Amino acid sequence: MDRYSRNKKMISTDEQKKLSESTVVILGVGGLGGYALEMLARVGVGKLLLVDFDKFEVSNLNRQIISTEGNLGLLKVEEARKRVEAINPEIEVVAINKKISDHNIDAVIKGADIVVDALDSSTLKKVVEKSCARNKIPMVHGAIGGWIAQVAVIMPGDFILDKIYSEDDLENKMGNPSFTPALAASIQVGEVIKFLLNKGELLNNEVLYIDLEYNSFTRLKV
């Protein structure tokens, strides 16, 4: 298919088919999640479940790729759904307008091949980590704060978030520009694709810690 002709040097026809049969949940479709869904849609993942409860506001315009002057006040998941459908109408998109909690997370991620963590609350991230362990679904964690980004692949039962988080709301304390979430989301998507296609080396049992201000990329064992 011409749509994926530029993928062929790195993704075979059989692997492209595997992507088209895969299901990915994206929790949060703002900064990290907006970039992640854009890349997952373009690379050819067949089913995307988009989860968010928020609406776009003016402060999102500096970094959230789906946010525009024209959709301020509208639901993020619905605008995200339209974005994916505009890129590729063959992708199955499920837009879930709800806030993640202990009570609904299992039902939200059930049946997924992998979960993308694009949430901005470490408390909710830990809720997702526990649900992924219960449901035996891997999770690709991502977070940013100012110049800093971190990414990790958390396999079911590998509880690492308690070890790397000492406080909540770091993104708002350190700032959230346009470029840091784009970078972190790109790495998250790379990890998703590697997992789905069983390729390369995953960021498993470690955290990739990036400081863009000083151009440092550090892999920390957990």
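Side notes on the structure shown:
- Taking the criterion of being at pLDDT below 95 and open to solvent by less than 20 Å² (accessible area, probe 1.4 Å), the only residue of segment 122-142 that qualifies is S122.
- Scan of segment 59-86 for residues that are in contact with a Lys or Arg (Cβ under 7 Å, 6 or more places away or on another chain) and surrounded by 14 or more Cβ atoms within 10 Å (Cβ to Cβ), ordered by number: I66, L74, L75, K76
- Qualifying residues in segment 49-58 (those that are buried (at least 17 other Cβ atoms within 10 Å of the Cβ) and within 17 Å of the chain's Cα centre (by Cα)) - the one farthest from T23 (Cα to Cα): D52
- Segment 54-99: number of residues that are in contact with a strand residue (DSSP E or B) (Cβ under 6 Å, 6 or more places away or on another chain), among the aliphatic types (A, V, I, L, M) and within 22 Å of I144 (Cβ to Cβ): 2
- Residues being of a type in the set (G, A, S) and open to solvent by less than 40 Å² (accessible area, probe 1.4 Å) - total across segment 171-215: 5
- Scanning segment 26-40 for residues that are farther than 19 Å from G175 by Cα and crowded, with 22+ Cβ neighbours inside 10 Å gives I26, L27, A36, L37, L40.
- Residues in segment 91-120 that are open to solvent by 20 Å² or more (accessible area, probe 1.4 Å), within 17 Å of the chain's Cα centre (by Cα) and more than 24 Å from Q16 (Cα to Cα): 6 in all.
- Any chance V128 is part of a helix (DSSP H, G or I), within 15 Å of the chain's Cα centre (by Cα) and over 21 Å from I65 (Cβ atoms): yes
- In a residue-by-residue description of segment 23-40, the property of being in contact with a helix residue (DSSP H, G or I) (Cβ under 8 Å, 6 or more places away or on another chain), in a loop (DSSP other than H, G, I, E, B) and hydrophobic (A, V, I, L, M, F, W, C) applies to at least one position.
The values are calculated or read from the model by the stated rules, or taken from the named source; none is laboratory data. Here the structure is a predicted model, which means the values were calculated and not measured. Because the Cβ atoms are built from the backbone with ideal geometry, glycine has one as well, and the counts that use them run over all protein chains shown. For the accessible areas, the whole protein counts, side chains as well, though only heavy atoms, and no ligand, DNA or RNA atoms are used. Shrake-Rupley method; radii C 1.70, N 1.55, O 1.52, S 1.80 Å.
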